[in-house]
Amino acid sequence: MNEFSTAIAVKLNFRAAQVDVVLELLSEGATIPFIARYRKDKTGGLDEVQIQQIQDETKVLKEFSERKIFIEKTITEQGKMTDALQEKINKATTINELEDIYLPYKPKRKTKAQTAKENGLEPLAILMLQQKNFALKIEAEKFITENVKDAEAALQGARDIIAETINEDAVIRTKLRKLFEDKALLQSKVLADKETEAVKYKDYFDFSEPVSKIPSHRILAVLRGFLEGFLKMNIAPLEEDALQLIENVYITTSLNESVEQLKKAIKDAYKRLLQPSLETEFRTLLKTKADEEAINVFAENLKQLLLSSPLGSKRVLAIDPGYRTGCKVVCLDEKGELLHNDLIYVHEKNKEYDSSFTIQSLVKQYNIEVFAIGDGTAGRETEQFIKKLQLNLPLFLVNEDGASVYSASEIAREEFGGYDVTVRGAVSIGRRLMDPLAELVKIDPKSIGVGQYQHDVNQTRLKEKLDATVISCVNKVGVNLNTASKHLLSYVSGIGSTLAENIIKYRNEIGGFNSRNQLLKVPRLGGKAYEQCAGFLRVKESNNPLDASSVHPETYAIVESIAKDLQVEIVSLIGNEKLLKTVNAKKYITEEVGELTIKDILNELNKPGLDPRSELEQFEFANIYKIEDVKTGMIVPGIVTNLTRFGAFVDIGVKQDGLVHVSEIAHQYITDPSEILKLNDKVQVKVLEVDVLRKRIALSIKQTQETSVKQSGQKFQQTKKQETELANLNLNDALSALKNKFKK
């Protein structure tokens, strides 16, 4: 069993055996998507998130173990290790506890306390700590030497020794750390004469919030203002609370000269040593916590974006809009291959006719089935132009964040070296509509625009998390082996960039794969890599229908047994829900393959190669095109483009996204917009406020529901009124009829 298995199992509430098998598989080179998808029987059905937690926790424990070994070695080499000290080290469970124990033994630059000890003042410090009632100043005079000028200098040196003793007291540090956790405030103030420069940090000019409650985005905002030199910040509880805590431990008698000196030493220890040290520790802790939260939000947004609905294989006319420079037009075939490119000027009055003729000709010549228009500058105006042509083809505005980054990238130069960057951008827009995942993997996730403070957070951790997210999404969807780009293939479990390149070269040589087994002929792609990648690659051209599914080749024999027992061909099993329901999964369990895997196989046979992404739906913005068109009280449709902890950004078609604050998303209390919303959700929003000068739009989702309810109420009242009027009318008619009858 792995040395960390038990500790991880206890912390994450898994069985030790589950943790052990995951760590064993990871050490053998298995990827997280592979373990989660094809080793469920071994792990007990752990998913990707749980396996990632095990991997992360192992890393933390390994770092802790390595630090512990180093500390033990250092103290032992100093000849200061004792049984009691070793026991303390063994009982430590966090890095902070270890560091507190190690602090007195840590090599340090010469301190005031060390100088005082060298001057022979340690006995005086010990007398002060005993807190006996005697004439301390007379006692201090005994320590006057060439280096200690007078009694006050002796007392100061003794206080320096006591201050360092308190600072290095692990018990005091633990108690103060708890006080910081519970009572510390993060405070910030604007630096003098920086008010104008620091206007974007106006909310933090005189700011205070408990560290136990402050959300990640406010931590990162204050830290950015601090690092840019606009704000000063500090993290601490009330000073009197901290001093009282230390005094409760160190002061054991009533006030006397020794106690007075001890109180001075305690104050010095806290203000000069403990408070700055713990403030730095908590600043790092808050930064780490805020980083992790921001990174998780970014990763979740990226996941939703990568798993956006694909249009699929259609012939697309894509337009990268522009005013003065014109609109770059490209025609793509069903595989996303560039057929033609052109340039039109739809926003110049004298060139509108020519542009109309060009578009109509291209639609006819290349059998175009759909339009894709970039949603950036001139996007809505170009959409208007295409609609006026009345070509009766679906039209989609495509989020073009990152398209310009792709256009200028090495990847784009490889794919379209002979074309201008504007052509590459238009191709990217069209392909992003057809298959967002396949196109977005070519772009650095940080350029896609679904994160916040991404340049402020730990860049190594951000890259790890975003890479893991891309890998998870690619393997969740699966990859067509005969059409996938090198960059998409490189994210498939067990492949990487070198093997992806080899696969592409071999595919070009043979004219395309006709079975998964052919992968074994790819140079340097051995059995282990094949095991990891095969299940995630689809070969639709294969004679074996299982090659187009997520059934792993290692379990093909089981499917063959099921087909044989049912006396049908494998192809007859595919999608045959009625027949598959008759299969007894337990019958096919072996030592290697358990019930969870059998059930996965049956589910896959029922819907082979099913794309987990939802179908693409058309969407239309309201008839507004710029921020000046937006008026308070309007209710308009929008698309969620970004989620943060404080709210959701929504595109309403005017180039500037509006913000729905978390308090305006739902009628019930929520702390996180992702509880209700996902990226690309289509929503109705009410405009609460428009600031044209600052380009800010405040929106509400919940108030559209209130308006809807109010309108329904008004309709109900109107209906009741009409019913009453009708009833009265009918009654009057009846009375008139009776009167007429009696008259007759």
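Listing for the model above:
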quantity	calculated
Region 551-606, relative contact order in percent, only Cα pairs under 8 angstrom and at least six apart counted	40 percent
Helix-only [θ]222 nm of the chain, DSSP H runs n ≥ 4, -39500 (n - 2.57) each, per residue, nearest 500	-15500 deg cm²/dmol
Chymotrypsin sites (Phe, Trp or Tyr not before Pro) restricted to region 463-529 and DSSP loop, no more than 12 other C-beta within 10 Å	none
Ranking of ARG538, ARG432, ARG218 by count of other Cβ atoms within 10 Å, fewest first	ARG218, ARG538, ARG432
Cα centroid separation - region 5-69 against region 414-480, whole Å	29 Å
Charged-residue dipole, Cβ positions (Lys, Arg, Asp, Glu), the chain about Cα centre, Debye nearest 20	1740 debye
Euclidean distance between Cα centres, region 129-195 to region 370-385, Å	68 Å
Hydrodynamic radius (Kirkwood) for region 141-204, which is based on Cα pairs only, to one decimal in Å	16.2 Å
Mean separation of Cα contacts under 8 Å (6+ apart) over length of region 5-83, as relative contact order %	23 percent
Mean separation of Cα contacts under 8 Å, 6 or more apart, over the residue count of the chain: relative contact order %	9 percent
Helix 151-167 vs. the chain, principal-axis angle (Cα, 0 to 90°, nearest 10)	40 degrees
Relative exposure of GLU615, GLU97, GLU228, judged by other C-beta atoms within 10 Å (fewest first)	GLU615, GLU228, GLU97
Ranked list, fewest to most other Cβ atoms within 10 Å of each Cβ, for VAL148, VAL199, VAL222	VAL199, VAL148, VAL222
Leading residue at positive end of dipole, the chain (Cβ point charges), from ILE246, ALA184, ASN341	ASN341
Between helix 379-388 and the chain: long-axis angle, C-alpha atoms, 0 to 90°, nearest 10	10 degrees
Rg over Rh [alpha-carbon atoms, Kirkwood Rh] for region 317-441	0.93
Sites matching GluC sites (Glu not before Pro) across region 1-67 that sit in DSSP coil, with at most 13 neighbouring C-beta atoms within 10 Å	GLU3, GLU28
For the chain, alpha-carbon Rg relative to the globular expectation (2.2 N^0.38 Å, N residues)	1.30
Angle in degrees between helix 48-77 and the longest Cα principal axis of the chain, rounded to the nearest 10	20 degrees
Listed residue (GLY527, LEU273, GLY449) projecting farthest to the positive dipole end of the chain, Cβ model	GLY449
Residue-count net charge about ILE676 - beta-carbon cut-off 12 Å; Lys, Arg +1, Asp, Glu -1	-2
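Values quoted throughout were computed directly from the atomic coordinates according to the rules given, and no laboratory measurement underlies them. This is a predicted model, so every value here is computed, not measured. Don't worry about glycine lacking a Cβ; one is built from the backbone with ideal geometry, like all the others, and counts go over all protein chains shown.
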